[in-house]
Amino acid sequence: MMIADCGHTDCGSETRNPKSEIGTPDIYIKEILEKGIIKGKEEGKIDRIEKDILFILTKRFKTVPKIISNNIKEIKDLESLEALLEAAITVSDIAEFEKHISEIAK
């Protein structure tokens, strides 16, 4: 919406756009959407790694105790989950994996 010159000397003679003076709402909406997209991508990565850990443990050890499964799902730190993913591949048994979870929980 443009505001035309009203004729007063203190208003200025040029046409003004009030939105440009206070910032457009589109910029704020865009920032919020971008933050949401980034958060969604991170949550997607976390979900994928949790599933990968459980898949690997199940393939290697046939069963995964519910407590371990629940502990994995409670971890929301990407770096910690990546460490557990590596541990899921390299540990010799499920008890050793459980020690890794305990270390992360500290």
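The values are calculated or read from the model by the stated rules, or taken from the named source; none is laboratory data. Remember, predicted model here, so these are calculated numbers, not experimental data. All Cβ positions, even for glycine, are placed from backbone atoms using ideal geometry, and neighbour counts span all protein chains on display.
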message: Looking at (1) part of a loop (DSSP other than H, G, I, E, B); (2) modelled with pLDDT of 95 or more, which one does Phe55 not meet, given that it meets all the others?
response: (1)
task: Working only within the range 76-106, note down all residues that are touching a helix residue (DSSP H, G or I) at 6+ places or on another chain (Cβ under 8 Å), at pLDDT 95 or above and either hydroxyl-bearing (Ser, Thr, Tyr) or not in a helix (DSSP H, G or I) (or both).
output: Ser80, Val91, Asp93
- line: For the range 81-106, pairs from a residue that is farther than 16 Å from Asn70 by Cβ to a residue that is aromatic (Phe, Trp, Tyr) and assigned to a helix (DSSP H, G or I), with Cβ under 8 Å and 6 or more apart or across chains, are Ala87/Phe97; Val91/Phe97; Asp93/Phe61
